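Below is one structure, written out as structure tokens, with a few remarks after it.
The values are calculated or read from the model by the stated rules, or taken from the named source; none is laboratory data. Nothing here was measured: the structure is a model prediction, and the numbers come from that model. Heads up, the Cβs are rebuilt from the backbone with ideal geometry, glycines too, and the neighbour counts pull from every protein chain shown. SASA here: full protein model, heavy atoms, side chains in, ligands and nucleic acids out. Shrake-Rupley method; radii C 1.70, N 1.55, O 1.52, S 1.80 Å.
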Amino acid sequence: MSESSSISRVALKDITPDVSAAMGSLHAAAVSAAQDAKLETELLELVRIRASQINGCAFCLDMHTRDARGQGETEQRLHTLAAWRETPFFTERERAALALTEAVTLVHDGRVPDAVYAEAAEVFDENQIAALVWAATVINAYNRIAIATRMVPKS
């Protein structure tokens, strides 16, 4: 359920430009780590979208589904991503990344279980797992910023 508000929210970039720049640097470093680890950009978009679905971040969902479509992602996979476990549309690597993303996003609900981590370790090397954890962490932080400040998707 959404909560609308007529209360004006703070513009973080204007009020705390140094912190906003640091967040941008963290994002850039996470993207660089993913590139160095040879993680597919399409996989990273699935990670960003899934975390944003869980968190209910409309701004990030809009941005990353657009980015995914631009990279050739299919509508079918985007529409069924929330139910990825029940579909045949995702690869073993994608499933492991999505499970890890969900565990990181829902860390309050059972931490990151050993079984989830082990599943990821079967298909990703240590550098790739590190990059996935950073990607999930960064998108979760961005989700919280967008939700707290009521960022709205562009029309």
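Across the alpha-carbon atoms of the stretch 1-77, the computed radius of gyration and Dmax are 15.2, 44 angstrom. For the stretch 75-155, dividing the convex hull volume of the Cα atoms by the residue count gives 118 Å³ per residue. Taking the 1.4 Å solvent-accessible surface of the chain as the whole, the part contributed by carbon and sulfur is 56%. Among the trypsin sites (Lys or Arg not before Pro) found in the stretch 1-90, those both in a DSSP coil and sparsely packed, with 16 or fewer other Cβ atoms within 10 Å of their Cβ, are R9, K38.
Skip the ligands, DNA and RNA, and give the accessible area per residue of the chain with a 1.4 Å probe, whole Å².
59 Å²
Cα-based radius of gyration for the stretch 1-149, normalised by 2.2 N^0.38 Å, reads 1.06.
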